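Asker: Take this structure first; my questions come after.
Read-outs: derived from the displayed coordinates by stated rules, not from any lab. Quick caveat: nothing in here was measured; it's all calculated off a predicted structure. We place every Cβ from the backbone using ideal geometry, glycine too, and count neighbours over all the protein chains shown.
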Amino acid sequence: MHMDFATPEFAEWYEILTNWTNSGPEPDDVPPLTINDLPDTRNVILGSATNLTVNVYAGTREHTVEAFFDGGEDATVMTRTQPGNGEGSFLTLDPYALKRQMSVARHAYESTSGNDRTSGFEMFRGSTFQGKPKPLEAWGWADQSMHVWQVPVPTEELGLGVHTVTVVATDQYGRAFRETMPFEISEKRPSPYFQTEFFPVTP
């Protein structure tokens, strides 16, 4: 499994890049945002509508997925975003995967080696991607996954500071898989840039 937080800032970043991709940009058009424009999703703002999002590989409707905050014994049962009752596919955002799929620097890798297959990168059946850094084609995005679970982050209950969340996914055979992730709850985000004012240059 992998875990991340679907923050309001992530949702806005995703929407801007999705709208740009759907507008039919030319191959040399520059995207409106990069991954560097997205605030750290593991820094959660107090009181924000943020969901812990877990993608359980090969997860099924028989799985039970639970979150334990700060090593507590009380489990918070997570909700599968795709119930699996014959409904159509829902839009389900997996921030861990989408952050990588929608800001792909490997598109721009070039060299003078003479090997065209090492410029850009190859994917399924030898599909080649080259050019400026930009999102993958929309068909490759993890936005309709059948095995994603979510739960709201109880920021007010947890309070400011550094926390951990442990997720336990149990399959229909009773096998349990566990991952732990640290995160921070803040009142406001720190500057994402190097703070040169704390390191004055002396003549």
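Asker: What are the ³J(HN,Hα) couplings of segment 8-24, residue after residue, when phi is run through the Karplus curve with 6.51, -1.76, 1.60 and θ = phi - 60°? Round to Hz, x for glycine and proline.
Answerer: Running phi through 6.51 cos²θ - 1.76 cosθ + 1.60 with θ = phi - 60° gives x, 5, 5, 4, 5, 4, 4, 5, 5, 5, 5, 4, 5, 4, 6, 7, x Hz.
Asker: Which stretch or stretches of segment 163-198 have amide N atoms under 20 Å from the point lying 7 Å from H2's Cα along the Cα→Cβ direction?
Answerer: 165-170, 177-184
Asker: Right, next: What distance in nm separates the two pseudo spin-label positions at E179 and E62, each 7 Å out from Cα along the beta-carbon direction?
Answerer: A separation of 2.2 nm, rounded to one decimal place.
Asker: Straight-line reach from K99: which aspartates and glutamates fall under 15 Å, measuring Cα to Cα and dropping same-chain residues less than 8 apart?
Answerer: By straight Cα distance, K99 reaches D4, E9, E12, E15, D37, D40, E137, D143.
Asker: What nm value, rounded to one decimal, do you get for the distance between Y109 and E156 when each label is placed 7 Å out toward the C-beta?
Answerer: Distance between label points: 4.7 nm.
Asker: Oh, and also: A138 to E12: extension gain in nm, 0.36 nm per residue of separation minus the Cα-Cα distance?
Answerer: 43.7 nm
Asker: In addition: Label-point separation (nm) for N22 and A75, each offset 7 Å from Cα along Cα-to-Cβ?
Answerer: That separation, rounded to one decimal, is 3.8 nm.
Asker: On to the next question. Within the chain, what's the longest stretch lacking chymotrypsin sites (Phe, Trp or Tyr not before Pro) that sit in DSSP loops with no more than 10 other Cβ atoms inside 10 Å?
Answerer: So the longest stretch without any such site is 58-172.
Asker: Give the residue list of GluC sites (Glu not before Pro) in segment 134-188 that are DSSP loop and have at most 14 other beta-carbon atoms within 10 angstrom.
Answerer: Sites meeting the loop and neighbour criteria: E137, E187.
Asker: Here's another thing I want to ask about it. Taking only the alpha carbons of segment 59-200, what extent do you get along each of the three principal axes, in Å, biggest first?
Answerer: 58, 58, 26
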